[in-house]
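Every read-out reported here was derived from the displayed coordinates using simple, explicitly stated rules and does not represent laboratory data. As the structure is a prediction and not an experimental result, all values here were calculated from the model. Cβ placement follows ideal geometry from the backbone for every residue including glycine, while neighbour counts extend to all protein chains displayed.
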Amino acid sequence: MSSVSLPFAIPKTITRKVQWLRWLVRGYVALEGIAAVAITAGLAFWIALFLDWSFEPNAAIRVVMWGVAILAIGYVAWRQFFSRVFARLSDTNMALLLERSFPQINESLVTTMQAAHSRFAISPQQGELLANTSNQASHRLAQVPLGRVFRYQPLLWKLLAAITLSGSLVGFATLRAEAYNFWLQRAALSAELWPRKVQLTVAGFEEVEGERTMNVARDDDFELKVLASLLEKHVAPEQVEIRYELADGRRGRDMLTQIGAAVVEQDDAQQFRYEFKNLSADITFDVIGGDDRIRDLRLHVVERPQIVRTALAVEFPQYLGWSPQSLPFTGRVEVPYGSQAICQAEVNKPLQDVRIYDPATKEDISAQLSSDKPRQFSFPLTTIKEDRVLLVDLRDTDGVLNREPYRLMIALVADELPEVAVQLRGIGSAVTPQATIPLVGTIVDDHGVAEAWIDGQIDKQEPHRRPLTNIADTSRENVELGRYDLAAIDPQSQERLLVLQPGQQITLSAKARDAYDLDTEPHVGSSQRFVLDIVTDSQLRALLEKRELGLRQRFEALHEKMMSTRDLVTRIELQSKGDDGQSLSAEEIAQRRERDKLRVVGVLQNVTQLSYETLGVAEGFEDIVVELENNRIDTEELTQRLGRDIAEPLRVVATELMPELEQRVQKIPDALDNPAENAKVLAGAIIQSDEVVAAMQRILDRMLELESYNEIVELLRGIVGDQQQLNEETKAERREKLRSLLDEE
């Protein structure tokens, strides 16, 4: 079948209805878009106002916030208004909208619109059908209310929201013009903060580079102080809350404690406090009170500054002759008197400030921080002449102080006087004018002895000083330091340095000086004073003879005690039979053994005591011999009698015979239960005791012989004395007669 292109015209009713619907759709979309833009702008306004009032961000954040708001409004305006209002609305789209809203049209409108806009030719039959369809669509469309195409409720809600938000803006600008104008200033990036009824400040937190952080030492407590201003119509909140976040993400909140009750016009602020206990990690928190809120406060936990190394660079006094040294120490160091030093310290963190306080002088000592090593500092110590305790406070670059001041103790080591411990060897309380006096002992000083000497003073005359030459090694005990010769000759005048007469007294003392030179007075140490009487040779011999007599009497007592000890040895009973030859019972044997053991113990005690006392007697005679030699009144015969005939045998008895007896007696207890050995052991002990008694008897006999000799000497001394006295009396009588003859003339 062939087709013919026929003209087809849409009925005017349909054209007017579609055109009117198009304008209604555009109007609906325009109203909806305007409402969306108004809602977005209103929400942006209030959200920005809330964020700015709550957080008071800096200018950079506000620029970003305004940019986001403008982008959001622009996006909504484009998406909800421009892209929809100016969108192309074809007749077919309008027909579909009507068909969907009014199903009774039965697709006649869509068919009419599609045929009218079709580019294909139609046949007469198709044209007739389309004409019927379009007439049908026109008839049905005339009865359709276009207003029912739209849903008015969403539009009304959007318009209501837009009007409400717009009205809130107008109301805010009208009723709160001051706040609105301030908001406009904030929008213009003003740095001024929002005025509030409550004005909180947190003590110690200063904003640095946008952060409000305070450094706190690890494991320390921190007291947070919040002040609510009462000035300029500000009011104090009823409560102040802290909201915190720990380093591990845990959150919490708590109330601050109000301190007292501030009074308006009397107090500047109401104080609140809160205490953090044992901080071990960082913590971030906000402080909220009334309409004010301080955000993003942070406690940063840092280590305390600690001194990890201290050393003292010491320059010692010149008299010591020591090279400068660096003395490491921990808290306490000892330095010699008069030293100069520089204390050097190193800490675990870079330092900001160091304070060194001397409690004794109540003064601060200037400390020098190292420019290239911020963990080190030093401070000088002038001439050290007393103990010093310095208190050191450290402040690191985090602003943290040490918990307690470090105590640096500089202990003074004073230069001690030389210690002179001297005794006279071989000299008694009396000496002859020609005696030589040995001095033995030790002379020590903490830093060495410069010189030593002997001061000798006759009666109350000026002391006579003689140097001690043997002081090279005086730290050993009983070193002979020198001799003070009373008969010394002056090498120039060849005369005696000291002119002594019997009856005078001489006082000797050893002295020593060290190299100390820091004061006007030198450091001189002195020994005890030895006062000696000057006597004649015969007087000294008489004194020594009395000592000899005392030693002999003492030895006689020792001899008697040794004889008693020998008797005690013989009383030890080792036999298990009685005197009648009968065997003893077990009980009697045990009793006898117990007595024997007690006798052995008694013998050993006596022998040990006798050994020491006999040795003491021997040393007494040796001292007499030495004293005779030092006083230069010894003779070969006297030395032979006192030394070789008495002192040496006494030493043999004390060091050889008695120890041998002691060893033999010690074997007796082991032989008590051995009949084969007990008699031999006991016999050996008795023989040795007899030998000791005999040796002591021989020495005693020699002493008695010497006593007889001394008596003869004493008798001769008396005769000589009587002769001298007779001569003096004769001379006196002659002088008296001569005087009487002269008187008669």
Identify the residues of segment 508-539 with backbone N under 14 Å of a label point that sits 7 angstrom from the Cα of Ala488 along the Cα-to-Cβ direction, or state none. 508-511
Once you place label points 7 Å from the Cα toward the Cβ at Lys546 and Ser326, how far apart are they in nm? 7.0 nm
Between Glu211 and Lys385, what is the label-point separation in nm under the 7 Å Cα-to-beta-carbon projection? 5.3 nm
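Using unit Cβ charges (K, R positive; D, E negative) and no other charged atoms, how large, in debye to the nearest 20, is the dipole of segment 413-546 about its Cα centre? Spell out each step's value before the answer.
Numbers: 12 positive and 22 negative charges, 155 e Å.
In total the dipole reaches around 740 debye.
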The long-range amide H neighbours of Trp322, using H built 1.01 Å from N in the peptide plane and a cut-off of under 5 Å, are none
Förster-model FRET efficiency, 60 Å R0, Glu636 and Leu518, C-beta, rounded to 0.05: 0.60
Lys, Arg +1 and Asp, Glu -1 on Cβ, resulting dipole of segment 410-476 about Cα centre, debye, nearest 20: 420 debye
Run the simple label-point estimate for Ser190 and Arg298 please: 7 Å along Cα→C-beta, distance reported in nm. 3.1 nm
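On a full-extension model of 0.36 nm per residue, what is the gain between Asp254 and Arg554, subtracting their alpha-carbon distance, rounded to one decimal in nm? Provide the component values of the computation, followed by the final result.
Details: separation 300, 0.36 × 300 = 108.00 nm, distance 9.71 nm.
Stretched out fully, the Asp254 to Arg554 stretch lengthens by 98.3 nm.
Give the calculated FRET efficiency between Val531 and Glu613 to the nearest 0.05, with a Förster radius of 41 Å applied to their Cβ-Cβ distance. It would help to have the intermediate numbers written out before the result.
On the way: r = 30 Å, r/R0 = 0.73.
The computed FRET efficiency comes out at 0.85.
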Length gained when the stretch Glu495-Ile687 is fully extended (0.36 nm per residue, less Cα-Cα span): 63.0 nm
If amide hydrogens are placed 1.01 Å from N in the peptide plane, which non-local residues have theirs closer than 5 Å to the one on Ala341? Glu315, Leu381
Which listed residue (Leu486, Pro467, Pro502) has the Cα farthest towards the positive end of the charge dipole for segment 455-529, taking +1 on Lys and Arg C-beta and -1 on Asp and Glu C-beta about the Cα centre? Pro502
Which residues qualify? For Arg304, with a placed amide H closer than 5 Å and at least 5 residues away or on another chain, they are Arg218
Per residue of segment 291-302, what does 6.51 cos²θ - 1.76 cosθ + 1.60 with θ = phi - 60° give for ³J(HN,Hα)? Whole Hz please, x for Gly and Pro, Karplus curve as stated. 9, 10, 8, 9, 10, 6, 7, 9, 9, 9, 7, 10
Take the alpha carbon atoms of segment 272-302, find their center, do the same for segment 407-452, and report the distance between the two centers in whole angstrom. 72 Å
Could you calculate the FRET efficiency of Leu160 with Ile47 from 1/(1 + (r/R0)^6), where r is the beta carbon distance between them and R0 is 25 Å, rounded to 0.05? 0.80
Work out from phi, with θ = phi - 60° and the Karplus expression 6.51 cos²θ - 1.76 cosθ + 1.60, the ³J(HN,Hα) of each residue of segment 695-701, listed in order in whole Hz, and give x for Gly and Pro. 5, 5, 5, 5, 5, 5, 4
